[in-house]
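*Asks:* There's a structure below that I have some questions on.
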Amino acid sequence: MLPAVAIFLGFLVLLSGLALFISLKKISLKRPHSIPENIQKKADKAMAENNYLDAVTEKYSVSLSLPDALEALNSVLLANLTFDAFAYVIQTSETKAIFKCVANVGVSKDYVASLKNELVIRLDNPQIELEEYVVGAPTGAGGISKFASRLIIPLKNKDTLVGYFSITHKNANTFDSQDEAFIVDVLDTTLSHLINLKDVIEREKAKFRTMVDSMTDGVVMFDGDFKVLVDNPALYKLTGIQDSIGVNIMDLDSYFAPAFSLREELSAVFTTNTPKDFDNVNLDDKYFEIALIPIRNGDSLSRVGMIVYDKTQEKELEKLRRDFSAMVIHELRSPLTVIKGISDLLLTQADRLSLEQKNEFLVQIKASTDALLDKVNDLLDAAKIESGKIELFKSDVDIANLLESTKYYYDTLAQQNGIQIVMKLDSAINHMRLDEKKIRQVLDNLLSNAIKHTPQGGTITIRSEVNGSNVDISVADTGKGVSDDLKSRIFERYVQGKDSQAKGTGLGLVIARGIIEAHGGNLWVEDNIPQGAKFVFTLPKAGMEMSSQ
Amino acid sequence: MRKILIVEDDTALYNVYSTQLKLNNYEVVNVSDGMLAVDAVRTENPDLILLDVMLPGRNGLEILEELKADEELASKKVVMLTNYGDDSNIRKALDLGAEDYMLKYNIVPSELSEKVAHYLGEVQSSDVTLTNI
């Protein structure tokens, strides 16, 4: 399973667990005047209370709406009281209110209307806009049209009056003060429960939101009608779909259509209640792994989560690795092919070859063997650097001397290519404690690269200077320079400048950076002004002996 | 003297092939840049072309395709040199009309001249082992 899926699921479980925990904190509801005499009745009542609070929690955690939660009152009232209807009016904003009535069979429309009037008038707000819901079956004329008994109880959120609750019956004297006390108790319990729950859920939702929003994987949660309940910025980024109100199933379905039908797959997950995973979904030059996960709420399956994981980089790295292996094989086989060809020729045609030809071939065998060894060494060095096992053998090194001798070694090759090597050394830098062979390897790499990339008539400048607590050494050329895109990548394994006809393992700079970093320094490339590339490495001055001049 | 054009950018390898072929009395010319290969065929008018696949500038398959599409050059016999043993490249080359292919790391110089002789019609085909895929 994708790690993100586990986190996501874990969080959802946590969230629903929390809601459950709250509902398990059973709040006992007392009905003073009809304390049940037999145990059976007690148990029934307790069950009704528990179910009621569970129902409130369930309804509330879905919509965070007070009216929705109050609807769950019905069962507890039915279990404990006799009534024709109950109703409430709740103000949801300064100008809006909800009226809801749950009526028994036989209650007429007039009955509901007068109940509504009774309640709405108490809001004392003639401008109020009412949203009405009537549950049950008002029969119109002929049914029960008047109530003789009613209880009206104000609804308070903390100390603020938010509405009125009423329970009614056609007969007079149906309710007494104990009934009133019971309903007040139920409503108080409900409201305090809800206020508490609302805070907790909102806090948890905010945490959940923050977490989902900060995920790098795309996240979507669908309900049974495929409505998107949750999405996150990563999803917009990955799919390029963004709507002012978030993504919707239509957009998502058409985005994934070339790979699979999202609607069909979601249906299947809702039906079978088993997760689905799609690997290597190739869309828009990207590779995704997509998981559809059923999210259970208790026993019922009400949601399906979708995680979109972008594995494009992983795939690219995989391809780079494959190409690298093929390249390494080619690079090792080329000199071997030459050595084998020459050996065959010397063995079979020795008497027909001139001494000069034979010598030339021996020189070539040596060159091919050296090239082969260099490549094998590169591979080993890179492996050592990658595993952090590079070992330094430090000694006091005369930096100026090291730079001069490197220049001297490359002068001939540079001259053959019509290139001039210039030195600009800081005389204050004298001896430093370094692994001379390895720093020499870095300089070799930088200089041979510079010669490769500098056109005829160009100049290569080797410079050393003290820079704060570091010594900077740079090799600058007047070639084409390094593109911004490649500037950081050329130090990565498997990367070679695309247009370079450079042969080799492409590991030179990987190794050079590894060596410099092992010395506690840095190696990077910048633009050489006005033209070309400038490779700079720093070495910490600590341990350096400054020249006394 | 029959002329062989070797399109190969590895000069060391070219030296091996050319030494062997020259010993067998062939005239050998080399071009190492893929971009110059077709022009070289036109100007050198070789009897046989040994064509590397991986070349700077332009790859061997593209060169082969252009040769075979050119009325004047289409009849030139081409044997591919490859270091990859890459089946899809070999298949493409044969489909494009190459006579044969040789895996460079497998080439024994003496066999190279036998193969060249075969494609120049100088020996009977039973004298050489043909490469099959």
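The values are calculated or read from the model by the stated rules, or taken from the named source; none is laboratory data. All figures in this text were calculated on a predicted structure; none of them were measured in a lab. Positions of Cβ are generated from backbone atoms using ideal geometry, with glycine treated the same way; all protein chains shown enter the neighbour counts.
*Asks:* With outside the structural domain of A:V281 (by TED's automatic domain parsing), in contact (Cβ under 8 Å) with a residue 24 or more places away in the chain and not β-branched (V, I, T) as the only criterion, which of A:A371, A:A350, A:A326 stands out?
*Replies:* Of A:A371, A:A350, A:A326, the one residue that is outside the structural domain of A:V281 (by TED's automatic domain parsing), in contact (Cβ under 8 Å) with a residue 24 or more places away in the chain and not β-branched (V, I, T) is A:A371.
*Asks:* Same structure again: Just to be sure, is B:P46 within 11 Å of another protein chain (Cβ to nearest Cβ) and either modelled with pLDDT of 90 or more or touching an Asp or Glu at 6+ places or on another chain (Cβ under 7 Å) (or both)?
*Replies:* no
*Asks:* Go through B:M35, B:M54 for me and flag whichever is hydrophobic (A, V, I, L, M, F, W, C), over 19 Å from B:G121 (Cβ atoms) and within 11 Å of chain A (Cβ to nearest Cβ).
*Replies:* B:M54
*Asks:* Can I ask one more? May I ask you to list the residues in segment A:345-373 that are in a helix (DSSP H, G or I), exposed (fewer than 14 other Cβ atoms within 10 Å of the Cβ) and more than 8 Å from chain B (Cβ to nearest Cβ)?
*Replies:* A:L347, A:A350, A:D351, A:L355, A:E356, A:N359, A:L362, A:V363, A:K366, A:D370, A:L373, listed by residue number.
*Asks:* For A:R303, work out the one condition from (1) in contact with a helix residue (DSSP H, G or I) (Cβ under 7 Å, 6 or more places away or on another chain); (2) touching a residue at least 60 places away in the same chain (Cβ under 8 Å) it doesn't fulfil.
*Replies:* (1)
*Asks:* May I ask you to list the residues in segment A:335-344 that are in contact with a Leu (Cβ under 8 Å, 6 or more places away or on another chain) and either small (G, A, S) or away from chain B (no Cβ under 12 Å) (or both)?
*Replies:* Hit for segment A:335-344 is A:G341, nothing else.
*Asks:* Determine if segment A:315-330 includes at least one residue that is within 11 Å of chain B (Cβ to nearest Cβ), in a helix (DSSP H, G or I), among the aliphatic types (A, V, I, L, M) and in contact with an Asp or Glu (Cβ under 8 Å, 6 or more places away or on another chain).
*Replies:* Scanning segment A:315-330, I find no residue that is within 11 Å of chain B (Cβ to nearest Cβ), in a helix (DSSP H, G or I), among the aliphatic types (A, V, I, L, M) and in contact with an Asp or Glu (Cβ under 8 Å, 6 or more places away or on another chain), so the answer is no.
*Asks:* Another question, if that's okay. In this structure, is A:V376 under 30 Å from B:P109 (Cα atoms) and more than 8 Å from chain B (Cβ to nearest Cβ)?
*Replies:* Criteria met by A:V376.
*Asks:* Enumerate the pairs (first residue in segment A:178-193 and at pLDDT 80 or above; second residue anywhere and in a helix (DSSP H, G or I)) with beta-carbon separation below 6 Å, excluding pairs fewer than 6 apart on the same chain, so at least 6 apart or on different chains.
*Replies:* From segment A:178-193, the pairs are A:Q178/A:P32; A:Q178/A:H33; A:A181/A:P32.
*Asks:* Let me ask something additional. Among the numbered conditions (1) of a type outside the set (G, A, S); (2) assigned to a helix (DSSP H, G or I); (3) more than 23 Å from the chain's Cα centre (by Cα), tell me where A:D225 comes up short.
*Replies:* (2)
*Asks:* Filter segment B:1-25 for residues that are more than 14 Å from chain A (Cβ to nearest Cβ) and surrounded by fewer than 22 Cβ atoms within 10 Å (Cβ to Cβ); which is modelled with the lowest pLDDT?
*Replies:* B:M1
*Asks:* Within the bounds of segment B:60-83, is there any residue that is at pLDDT below 90 and farther than 13 Å from B:L5 by Cβ?
*Replies:* Yes - at least one qualifying residue is present in segment B:60-83.
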